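Below is one structure, written out as structure tokens, with a few remarks after it.
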Amino acid sequence: MEIEEFVENNLANDRKQFYEDLELNGLEILDKKNITPVIADFTEYSPLHKGHLFCMNEAKRLHPECLFVAIIPGLFERNGRGLPYILHRKKRAQLAIELGADIVVEGPPMGIMGSGQYSLCLSLMFKALNADYIPRGYISDDPKFKIILDYINNGKGVAPKPYKIISMEDKKVLLEGKLNNDDYVIVSLSKSLTKLNFDYKDKFIFIPRLENVSGTKIRKKVSDNDFKDLDDMLPKETINMLEKEINSNQAPLHDIRAEKTLLYNVNRLSEDELSNLALMDSSTVDNIINNRPFDSIDELLGNITFGFSSHRKQRILSVLEACILKDEVHKYINNYPQTIRILGYKNKEVLNKFKLNLKNNLIGDNGIICQ
């Protein structure tokens, strides 16, 4: 199978899964204490590098009594910036288990949502798992950002506003300016968890990011089929997985779109259908209607408007690939999570412990809690 066909098939399967999930009611969360405590870590692992491994190992060292549960983004294989992942989530899950995670579960479909929406979904997943600890790597050395981390450690909500971070309690400005994307995720999570009344006091484990480890550099070298010196940034298991998947025409995926489906959608959808897609704006809709048919993604990109986010064009491409309507996204979020989908586990013993936690804390649609 060619890699382009692999990507198209994944998209079709994920659309089918999305609409099946859409018909389910959300899990009822009982907010009971876990039988076995849980470290819940949201990480894309695109790919799993030594910075990720350092964060995982540090959290496990601090709390060896816990199950380490990795939450890996799910359907449509696109991140919050609208970009494809380097490996399919099943392979990213396999790597996480090989390198120390106990359980891997599927996270929200980030590529079809706004940043606030997927932050809310992540927070709902943390609440469903009843996370005892949440490790997060951070980058900024700004002393004012350390004040923000102290706020969060004390269970106080902070929220991102245009070019500033404020306290949700008294609206005090804690930091002026923009944050690095990874640090922004921490602030956004604090806001969402606060809105859900999830008590996260002393639950975050803030871990400084390792220097000289860059996912962007790694993906560039893999795109160029240059594996030289990657062992400085990648565990050998990740390198082996990448080489194996490349040989099977199932990687690298981060430079590949489901172009056939995307162009089919953009050339056939009505004006109303385009307008009702998630994240879509009227100017882009007008440009598409007036200038189609498009024969390539590059041709289409010039007709997508710029926005507040520098990644807006890539996010719109992901929306056009998935072709999910705004109302469907809202319904999905309102019922999220509909199930806890397990992508991998270390062994039967940890799986049983994890399932006992879920049965203790969740009530599912027709008795179904996890898959």
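Since every read-out is calculated from the coordinates, none of them should be taken as a lab result. Please read these numbers as outputs of a predicted model, since none were measured by experiment. Because the Cβ atoms are built from the backbone with ideal geometry, glycine has one as well, and the counts that use them run over all protein chains shown.
Dividing the helix sum by the residues of the chain, where each DSSP H run of 4 or more adds -39500 (n - 2.57), gives a mean residue ellipticity at 222 nm of -14000 deg cm²/dmol. Highest mean packing first, where packing is the average number of other Cβ atoms within 10 Å per residue, the peptides 62-74, 256-268 line up as 62-74, 256-268.
For the ranges 207-218, 244-255, 101-112, what's the packing order if you count other beta-carbon atoms within 10 Å of each residue, average per peptide, and put the highest first?
Numbers: 207-218: 14.2, 244-255: 16.1, 101-112: 25.9.
Listed from highest to lowest mean packing, they are 101-112, 244-255, 207-218.
Is the shape of the stretch 82-135 best called rounded, prolate or oblate, per the rule: a/c under 1.5 gives rounded, else a/b larger than b/c gives prolate, else oblate, with a ≥ b ≥ c the square roots of the Cα gyration tensor eigenvalues?
Details: a/c = 2.66, a/b = 1.11, b/c = 2.40.
It comes out oblate by the Cα gyration axes.
Projected onto planes of every orientation and averaged, the convex hull of the alpha-carbon atoms in the stretch 191-302 covers 12.0 nm².
Once you order the gyration tensor axes a ≥ b ≥ c over the Cα atoms, which shape class does the stretch 246-371 get: rounded for a/c under 1.5, otherwise prolate or oblate by comparing a/b with b/c? Judged from the Cα gyration tensor, the stretch 246-371 comes out prolate (a/c at least 1.5, a/b above b/c).
Panel note: the C-alpha atoms of the chain, placed on their principal axes, show extents of 57, 50, 49 Å (largest first).
Overall, the ratio between the Cα radius of gyration of the stretch 137-252 and 2.2 N^0.38 Å, rounded to two decimals, is 1.39. What list of ³J(HN,Hα) couplings, whole Hz, do you get for the stretch 288-300 from phi and the Karplus terms 6.51, -1.76, 1.60, once you set θ to phi - 60° and write x for glycine and proline? Working through the residues one at a time gives 5, 4, 7, 10, 7, x, 9, 9, 8, 5, 4, 5, 5 Hz. Helix 312-322 and the longest principal axis of the C-alpha atoms of the chain enclose an angle of approximately 80°.
Residues whose amide H lies under 5 Å from that of TYR138, counting only those 5 or more places away or on a different chain, are ILE207, ARG209; hydrogens are built 1.01 Å from N in the peptide plane.
Bridging of LYS228 to aspartates and glutamates at a Cα separation below 14 Å is possible for GLU243, once same-chain residues fewer than 8 apart are set aside. Residues whose amide H comes within less than 5 Å of that of GLY344, counting only those at least five positions distant or on another chain, are VAL104 (H built at 1.01 Å from N in the peptide plane). Bridge orientation summary for the chain: considering DSSP beta bridges with both residues in this region, about 45 percent are antiparallel. The orientation-averaged shadow of the Cα convex hull for the stretch 34-88, equal to a quarter of the hull surface, comes to 4.5 nm².
Taking square-rooted eigenvalues a ≥ b ≥ c of the alpha carbon gyration tensor, is the stretch 1-59 rounded, prolate or oblate, where a/c under 1.5 means rounded and, failing that, a/b exceeding b/c means prolate? Display every interim value, and only then the final one.
Working: a/c = 4.81, a/b = 1.20, b/c = 4.02.
In terms of gyration-tensor shape, oblate.
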